[in-house]
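Structure first, then comments.
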Amino acid sequence: MIKNWQYLDEYHQERRQILEIVDRVISSGRLILGPEVSAFEEAFAAYCGVAHGVGVNSGTDALFLALKALGIGPGDEVITVANTAVPTVAAIRAAGALPVFVDVEEDTFLMDVSQLEAAITGKTTCIIPVHLYGQPVDMEPLMHIARKRGLYVVEDCAQAAGAEYQQKKVGGFGDIGAFSFYPTKVLGGYGDGGMSITDSEALYEKLRGLRFYGMKQASYAEEEGYNSRLDEIQAALLLHRLERLDDSVRKRQEIAQHYTQGLSNVGDIAVPLVRSGRTHQFYTYTIRTKHRDALMRYLMEHEIEGRINYPTPIHLMRGYDFLSVENGKLPRTEKLAQEILSLPLYPRLAQKDGEQVIHCVKRFFEKGAGS
Ligand SMILES: Cc1ncc(COP(=O)(O)O)c(C=O)c1O
């Protein structure tokens, strides 16, 4: 089976180093909020070109605590997209705010920034652009609107660590950038993890308090807080992975280029579009075709795992019925959910497996299966 994603190869390749890191950290006797977390926070923030990083226990919490740090809560509206992973919206709800959706661009799958002005109301306080699949949203006009209208911006960078827009890395445009280190991510750990990054000293201090029961010193809460800590073992492993991030993204980009060359004129396939002035980290390689379901079945029959990121837009999920956003309200998002398919892609995907995927997709269309 050619899997959509897997980490075992990588683990076997680096097993000795990984076990040495785990052993070193456990032997140090310091497992929570110690030197490893500080070192990784500094290194990752520097990598992103931002002053501060605060390690937390997940990407969801990186978003949630970002909203809390900005004082966003009940009564506030936060504009985002429904073409994203559930946690983007779960974090808004956890903060007590109301998500408001704009549609996405059909060719990049990303927030259609031209719809923002019309979605802003007197209750809007924040915009969360999602750099979906690894490509940045159109941040220049977005930031222009946000600054003009006095809105905060929290970037959901969960899928796009290191992606650049006009030669600047994501996470450094808005007030806070939120990252996930979930194992499948471009920068993935061996468990849960996340980070909020910011240039603001005040937000940095606020985020540090919020992740640690609202405490600045032991056993005294300055404010109401939470427990959301990145642990020392994950931080040490993530620092090790960070040093290899650019290399592994380069491999992702090479595989993506190979797919694009092989699939550009096949059937009705639309290959991913990378807008000029942006880099794409290829967290996923997501194509569009009207024959998505049949193609996915065909790939499965040939031992190739396709995935759909994401089959149901959030406003159409039962868990978000209460938002009362009707089917038909976000036509491009709804249409894409029927047509998108992510092909296997991870840094160590063998070239012959990539070729096999291209070959199989071509055969599906040649056989007329897609007609
Ligand atoms: C776009 C997006 N936002 C937020 C998250 C949340 O990250 P985590 O799973 O680390 O909580 C994820 C990952 O699942 C994601 O893909």
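Calculated from DSSP H runs of 4 or more alone, at -39500 (n - 2.57) each and per residue, what is the 222 nm mean residue ellipticity of the chain, nearest 500?
For the chain, the value works out to -12000 deg cm²/dmol.
Students often check this: by mean Cβ neighbours within 10 Å, which of 177-187, 155-165, 37-47 ranks highest, and how do the rest follow?
Peptide ranking by packing, descending: 155-165, 177-187, 37-47.
Just the accessible area per residue of region 245-366, please: how many Å² with a 1.4 Å probe?
Per-residue value: 49 Å².
Of the listed peptides 7-13, 255-261, 106-112, what is their order by residue-averaged count of other C-beta atoms within 10 Å, with the highest listed first?
106-112, 255-261, 7-13
If each of Asp246 and Lys216 carries a label point 7 Å out from its Cα toward its Cβ, how far apart are those two points in nm?
A separation of 3.8 nm, rounded to one decimal place.
Once fully extended, how much extra length lies between Lys329 and Ser38, figured as 0.36 nm per residue of separation less the alpha-carbon to alpha-carbon distance?
Net length gain for the segment: 100.3 nm.
Would you work out which of Tyr152, Phe364, Ile269 lies farthest towards the positive end of the dipole of the chain? Charges go on Cβ: Lys and Arg +1, Asp and Glu -1.
Farthest along the dipole direction, towards plus: Phe364.
How big is the dipole moment of region 245-366 about its Cα centre under a simple scheme where the beta carbon of each Lys and Arg is +1, that of each Asp and Glu is -1, and everything else is neutral? Debye, nearest 20, please. Can you show the working numbers first?
Working: 18 positive and 15 negative charges, 60 e Å.
In debye, rounded to 20, region 245-366 gives about 280.
For the chain, give the percent of accessible area contributed by carbon and sulfur heavy atoms, probe 1.4 Å, rounded to a whole number. The partial results should precede the final answer.
On the way: 7550 of 15870 Å².
Heavy-atom surface of the chain belonging to carbon and sulfur, 1.4 Å probe: 48 percent.
Would you mind pulling out the separation of the Cα centroids of region 190-209 and region 298-369, in Å?
Taking the Cα centre of region 298-369 as reference, the centre of region 190-209 is 33 Å away.
Compute the Cα gyration tensor for region 245-366, then decide on rounded, prolate or oblate, letting a ≥ b ≥ c be the square roots of its eigenvalues: rounded whenever a/c is under 1.5, prolate when a/b is larger than b/c in the other cases, and oblate in all that remain. Could the numbers behind the result be given before it?
Values: a/c = 2.00, a/b = 1.47, b/c = 1.36.
Prolate shape, in that a/c is at least 1.5 and a/b is the bigger ratio.
Residues of region 333-368 with backbone nitrogen within less than 12 Å of a virtual label 7 Å along the Cα-to-Cβ line of Glu106, please, listed as ranges.
Hits in region 333-368 for Glu106 at 12 Å: 333-336.
Please compute the contact order of the chain in relative form: average sequence separation of alpha-carbon pairs under 8 Å and at least six residues apart, divided by the residue count, as a percent.
21 percent
Would you be so kind as to identify which of Tyr298, Phe44, Pro74 lies farthest towards the positive end of the dipole of the chain, taking Lys and Arg as +1 and Asp and Glu as -1 on Cβ and the Cα centre as origin?
Of the listed residues, the answer is Tyr298.
Please tell me the relative contact order of region 264-371 in percent, rounded to the nearest whole number, where contacts are Cα pairs under 8 Å and at least six residues apart.
Values: 115 pairs, mean separation 38.0, N = 108.
Relative contact order comes out at 35 percent.
Once you sort the root eigenvalues of the Cα gyration tensor of the chain as a ≥ b ≥ c, which label holds: rounded (a/c under 1.5), prolate (a/b larger than b/c) or oblate (the other case)?
oblate
With a probe of 1.4 Å, find how much accessible area region 75-208 has per residue, and write the answer as a whole number in Å².
Value for region 75-208: 31 Å² per residue.
Using a 1.4 Å probe on the protein heavy atoms only, what accessible surface does Arg307 show? Give it in Å² to the nearest 10.
For Arg307, the solvent-accessible surface is approximately 100 Å².
The values are calculated or read from the model by the stated rules, or taken from the named source; none is laboratory data. Everything numeric in this text was worked out from a predicted model, so none of it was measured. Every residue, glycine among them, receives a Cβ derived from its backbone with ideal geometry; neighbour counts consider all protein chains shown. The area values use the complete protein model at the heavy-atom level, side chains included, leaving out ligands, DNA and RNA. Shrake-Rupley method; radii C 1.70, N 1.55, O 1.52, S 1.80 Å.
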